[in-house]
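Trainee: I'd like to ask you about the structure that follows.
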Amino acid sequence: MSKIVAYCGNICNDCPVLIATMANDMEMKRNLAKEYSKEDYVLNPEDINCYGCTITDKNQLFKFCMECEIRLCGLGREVENCGHCNDYPCDKLNKPFEMSAKSKETLDQINKDLKHSCNT
C-alpha cells in the first residue's frame, strides 16, 4: 500500500486504526475502542474502521476522522492534504503539530516541494 498522508500530516499507514482495519483484527479493534473512548465519547469496536482520512466513504472512515475540523476543511478546499493548501500553515494545525513534530515535517516538505515545482 502506498503512503497515505492525512490532512494534518499524520501518516495514516502508521495509525493503529488503519492497521487494525487492514488486518481485520477484532481484538485490536476492541482494545483501541477502549483506549480511545472517553466518558463523553464512547467508541465501539465497529467504530474502529478506517482506510485513511482522505477516504470520503463514511463506512470506511474512523468516527473521529469524520468529525475532524482539519479533514473537513481540507475536503472543502479540495486539497490532497494541508501541505497543498494556499493558506498553509494555519492555526487549525497548531494542536496536531504540538502532538507530532513529524506531522509538521511531512507537511512542510510537501509544501516546500510544491512551491519548488511551481518555481521551476
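Trainee: Taking Lys29 as the anchor, which lysines have their alpha carbon closer than 23 Å to its alpha carbon, excluding any fewer than eight residues away along the same chain?
Mentor: Lys3, Lys38, Lys58, Lys63
Trainee: Let me ask another. In nm, what is the difference between 0.36 nm times the number of residues separating Glu67 and Lys95 and their Cα-Cα distance? Working shown, then result.
Mentor: Working: separation 28, 0.36 × 28 = 10.08 nm, distance 1.56 nm.
Net length gain for the segment: 8.5 nm.
Trainee: Run the helix sum for the chain: -39,500 (n - 2.57) per DSSP H stretch of 4+ residues, divided by residue count, reported at 222 nm to the nearest 500 deg cm²/dmol.
Mentor: On the way: 6 runs with 58 residues, N = 120.
Calculated from helices alone, the mean residue ellipticity at 222 nm is -14000 deg cm²/dmol.
Trainee: Counting just the Cα atoms, what span does segment 32-120 cover along each of its three principal axes? Round to the nearest Å and put the largest first.
Mentor: 49, 28, 17
All of the numbers you see were taken from the coordinates with simple rules; none came from a lab. No experiment lies behind these values; they were computed from the predicted model shown.
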